[in-house]
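Inspection log for the structure reproduced underneath, given as structure tokens.
Laboratory data are not the source of any read-out in this text; all were calculated from the coordinates shown. Values in this document were obtained by computation on a predicted structure and should not be read as measured data. Here the Cβ positions follow ideal geometry from the backbone for every residue, glycine too, while neighbour counts run over all protein chains shown.
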Amino acid sequence: MAGAKGTPLKAFAIFLLAAAIGTAGGLLGVGFQKGLDWIQHVLTGQGSHDHLADAVRALSVPWIVLVPTIGGVAAGVLLLLVPGKKAPFGITDIIGLVQLRKGGLRLRDSVLQILSSACTIGSGGSIGREGANSHIAATVSSALARAFDVGSRTRSVLLGCGIAAGMATSYNAPIAGALFVMEAVLGNFAMDVFAPIVVASVIATMIRRVLLGEGAIYHLPEELQALSWQLVFTALLLGCLCGVGGILFRWSINLGRRAFHRLRLPKPVVLGLGGLAVGVIGIWVPETWGNGYEMIEDISRADFTPAVGLVFSLFLWKMVATACTVGSGGLGGIFTPNLVVGAAFGASFGAALQWLLGSTVAAATLRLDQITFTFVGMAGLTAATMHAPITSVVLVFELTRHYELMLPLMLCSITASVVARMLDQDNYYTEALRLTGEELPTGLEELAIKTTYVRDVMRTDVVTVRDAATFDEVMDLLANRSSDTIYVLDAGSVLIGRIQLQDVKNFINDPTLSSVVIAADLTRPAIAVPPEATLAAAMARFEDPQLTELAVVDTPLQQHLRGRVNRQDVIASISDEVLGQQKRAHFRGADGRKQALPLPAGFELARIPVPDAWIGLVLDAVPPKELAGITPVLMVRRQPDGPEQLVPAGLELVLEAGTELMVIATAEALQRVRGGGGGEE
């Protein structure tokens, strides 16, 4: 056991795992980038320093159409090799794994999907490599989580490390990679979560920089200056427009998904059609191919003034190309095309200002201001689409390393995010998950009880007896086992019920009865839950205060006993998740079984009615001296359809008459509260 001071070995281990994920994510991400460069060179003849749009223009028209079509067909053929339902891929699906805490990444499926993504991106598909990079690192995370048999919360953190490493490797942006995971994926900035995410992100970035030798992705003119205060406030208007633009971007992708889904064709055919659409668009607007890096570089050059028609057509057709690529089933990230569309939108906004102010401001100054708005629009549209304004600001700053952009970046991003939230509470990722039928939890408390499962806390050390066992056999088990509950099984090992110590008291002093009584005569119904039930569902079954544990069975229809879960384990697990305790509710003993950790000396778990003096108050308003020595864990309110369990931490819940609190408290504190309002354990 670790001492009170210092970092426990188990807590330090997550940093080692995060470092391994960052290292693997950086190395494999750079390898993936090299592979994409090779594919593009084979298909287009483009060198590592060539402009992709120029390479596309050099191709014949039939080849412009065929390249992305062939890439789409190849991507679809690879996906046919993935058995059954498509396994999780990319940032959206990994977010689902993190927030819902179920499922995993299989190595074979991941390799096939990453190769499919490479075919789509390498052949000019309008989609980003950050999805594949994050999937690569998250696959390593999932393998490490299985190898070290970590809990669901730690597994979620490790998957977050994978996403951060993938983002950092894609954009050379370690801070934005870490913040994106905290802001949009985990929704938690606790230090024990944030620290390993940072480790993975930083190490992945260091490896990228060593192998690729890159600094800032975009190189802005050195003479770029901060906007005048009047123009800084125009970022508010751009933010409002970006808020609407983010909804439009999401709408176009959803429209593409629905259109291709209605075709109901094999995957190679559908992906081939998506590639065909990108190829046709590329005949007239080759800038829509790939990640759009070169076009943004051109827009940000002081000596180059892009035609307004080109910028606006890039904004429109890049969105259409992305909808065709993603909608047809292409695997990858939408962060990169979102950045390109936002840059084109910002450049168009800057061109409009240039037209309005052309007679009053020098042309060179107006050009520099247009460059500024290009990147402000990039951040604004990303904030609107992802509902992640902090990530958007930091990402664009890391992409450019220009502090002069910060004020308009901040104003535009937060405005765009607020406007987008007013129009639709979902962001791109949560909307995609909801379309699959998943109900996402909101808030840390709901996350804890709805994404932790009975299988995470159940014990397998159950005591069982056959229904035909004699009274003496039952008494022998109760006398020689620590458990006070025996589960009764029939000849087919199906659960019939349970026997507790109180059930045999009436027979102990009457030998005439005990000689004819068998286990079936002592059995009462057992309350059972399946291993896949959430803790929220398990807590609802503990309505009877005398019920100390639940049986765990395969399914409600197949009552084969798997284990048991007791009330204290459920409460301790919720406390660990919500209150952020560093100690786990369980540890594995030498025999491999889960064992409960005892409460600290002097503390006990108790269920108390809300004292009269607290009725009408929210928990935060209860005087601190009255809560001294008491940690509320769960609130139980009576409802017409049964008891409602709520985690009070951080919620503005009013304490009502008849409400009970589950608390961890000292004996003195319990005596004080019970003396003021009664209560019993």
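So between Glu473 and His261, what do we pick up on full extension, going 0.36 nm a residue minus the alpha carbon distance?
Extending this stretch completely gives an extra 70.1 nm.
Compute from the Cα atoms of segment 216-293 the Rg and the Dmax, the latter being the longest Cα-Cα distance, and quote both in angstrom.
In order Rg, Dmax, the Cα atoms of segment 216-293 give 19.0, 55 Å.
Using the 10 angstrom Cβ neighbour count as an exposure proxy, how do Arg672, Arg129 rank, fewest first?
Lowest to highest Cβ neighbour count: Arg672, Arg129.
Could you put Asp554, Asp369 in order, starting from the residue whose Cβ has the fewest other Cβ atoms within 10 Å?
The fewest-first ordering by Cβ neighbours comes to Asp554, Asp369.
Between Ala621 and Ser228, how many nm apart are label points set 7 Å from Cα along the C-beta direction?
Between Ala621 and Ser228, the label points sit 5.1 nm apart.
Fewest to most neighbouring Cβ within 10 Å: what's the order for Arg459, Arg301, Arg258?
Arg258, Arg301, Arg459
With no solvent and one equal point scatterer per Cα, compute the Debye intensity ratio I(q)/I(0) for segment 9-440 at 0.10, 0.12 Å⁻¹ and report its log10, rounded to two decimals.
Log10 I(q)/I(0), no solvent term: -0.64, -0.94.
Consider a paramagnetic label point 7 Å from the Cα of Leu357 along Cα→Cβ; state which residues of segment 234-253 have an amide N under 16 Å from it.
234-239
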